[in-house]
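The values are calculated or read from the model by the stated rules, or taken from the named source; none is laboratory data. Small disclaimer: the values here were computed from a predicted structure and weren't measured. Reconstructed Cβ throughout: ideal geometry from the backbone, glycine too, with neighbour counts over all protein chains shown.
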């Protein structure tokens, strides 16, 4: 069982990112079993973990490939031998398109598009002898971030892709990021149903135009249970591997929690214990992302504690009434706020296995790294 006082963790300088390998492996296995039971392919999102080790575990469990948010993530994972990559955000600009083409020539991959100019830029960058670049048309299913705005534009863009000899139209992406964190399960189901209907209409429009659509990629950790009946052919689930405070709040339609365990923690040290009822640890905004609710999972302190940011280097843990304060120098494991950007703040993981041994695993493709 993961504990902050494990001898191997005592030797680690804090703050540090720790992964409960038992919980991680169980989460990966549970999602893989769920997808298989529903006849769904998995393309888990590496923007959550940025790790070739974790991607390898997901592929070994049956995933058909890995989704990446950026060209940097794709380059790093491909360099570590990960295959079946899909870049889920438009790769725009001469510099990034040049990097994309170089990567595609080494390890063929797929990308998304949502504008004719983008399609033309990709086609122009590829040489006649290059293998065709697989393309998914990105569909805005309500997030108002990227994607074609309507079915007519989607069909027109798919035609342009189909007519470009350097490109291969493979289908649609409809990622509903705005749905994944809706707390109420019934409300989240209704929103997921609406997004699915938009995609079904797009598929019908493609069929009417004589265009096949073998891939429909999307969904996510929060909505995957509601998207099991289609139209998706693959799920881009990500945060299920770690979970975090935000996903800890959401409920399924029956009111229960998502069936995944917290696996990601920040190891911190108590650096001040002078105030009654509270302690200060060395994990603040440089160790935990700020764009999520406060941590709701702690190991090494009494039940009922709460956390508040105390600045760049510090976090304040308030103890429940009457609880004994951990001593100065004690170690605490703090659950993640928002797992994706929390990972991006660190250079490596410390995987803890069932024996309590620690393995250092690099984090790849970070912003600014």
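The table below lists the values:
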{"quantity": "Among the residues listed as 192, 176, the single one being assigned to a helix (DSSP H, G or I), within 24 Å of the chain's Cα centre (by Cα), free of Cβ contacts under 8 Å to residues at least 60 places away in the same chain and under 30 Å from residue 20 (Cβ atoms)", "calculated": "192"}
{"quantity": "Within the range 103-118, tally of residues that are farther than 20 Å from residue 67 by Cβ and part of a helix (DSSP H, G or I)", "calculated": "3"}
{"quantity": "Candidates 183, 135, filtered to the one that is buried (at least 19 other Cβ atoms within 10 Å of the Cβ) and either outside the structural domain of residue 244 (by TED's automatic domain parsing) or touching a helix residue (DSSP H, G or I) at 6+ places or on another chain (Cβ under 6 Å) (or both)", "calculated": "135"}
{"quantity": "Residue match in the range 253-273 (condition: at pLDDT below 95, farther than 14 Å from residue 15 by Cβ and part of a strand (DSSP E or B))", "calculated": "yes"}
{"quantity": "Per-region count, the range 287-297, residues farther than 13 Å from residue 264 by Cβ and surrounded by 21 or more Cβ atoms within 10 Å (Cβ to Cβ)", "calculated": "0"}
{"quantity": "Single condition residue 217 does not satisfy, out of (1) under 30 Å from residue 129 (Cβ atoms); (2) not in a strand (DSSP E or B)", "calculated": "(2)"}
{"quantity": "Residue that is surrounded by the most Cβ atoms within 10 Å (Cβ to Cβ) [pool: residues in the range 17-48 that are part of a loop (DSSP other than H, G, I, E, B) and either modelled with pLDDT under 95 or in contact with a helix residue (DSSP H, G or I) (Cβ under 6 Å, 6 or more places away or on another chain) (or both)]", "calculated": "44"}
{"quantity": "Among the candidates 282, 254, residue that is within 18 Å of residue 181 (Cα to Cα), in contact (Cβ under 8 Å) with a residue 40 or more places away in the chain and outside the structural domain of residue 135 (by TED's automatic domain parsing)", "calculated": "254"}
{"quantity": "Among the residues listed as 211, 199, the single one being over 28 Å from residue 261 (Cα atoms), in contact (Cβ under 8 Å) with a residue 12 or more places away in the chain and surrounded by fewer than 21 Cβ atoms within 10 Å (Cβ to Cβ)", "calculated": "211"}
{"quantity": "Out of 153, 130, 95, sole residue that is over 21 Å from the mean Cα position of the chain (by Cα), in a loop (DSSP other than H, G, I, E, B) and in the same structural domain as residue 54 (by TED's automatic domain parsing)", "calculated": "130"}
{"quantity": "Flag if residue 228 is farther than 12 Å from residue 180 by Cα and either buried (at least 21 other Cβ atoms within 10 Å of the Cβ) or in the same structural domain as residue 197 (by TED's automatic domain parsing) (or both)", "calculated": "yes"}
{"quantity": "Every pair of residues 6+ apart whose Cβ atoms lie under 8 Å, when the first sits in the range 57-80 and is assigned by TED's automatic domain parsing to the domain that holds residue 237 while the second is in a helix (DSSP H, G or I) and at pLDDT below 95", "calculated": "none"}
{"quantity": "Residue check for residue 334: in contact with a strand residue (DSSP E or B) (Cβ under 8 Å, 6 or more places away or on another chain), on the phi < 0 side of the Ramachandran plot and surrounded by 20 or more Cβ atoms within 10 Å (Cβ to Cβ)", "calculated": "yes"}
{"quantity": "Exclusive hit being crowded, with 18+ Cβ neighbours inside 10 Å, closer than 17 Å to residue 241 by Cα, at pLDDT 95 or above and more than 13 Å from the chain's Cα centre (by Cα), set 76, 52, 60", "calculated": "52"}
{"quantity": "Residues located in the range 79-102, provided they are buried (at least 20 other Cβ atoms within 10 Å of the Cβ) and more than 18 Å from residue 173 (Cβ to Cβ)", "calculated": "82"}
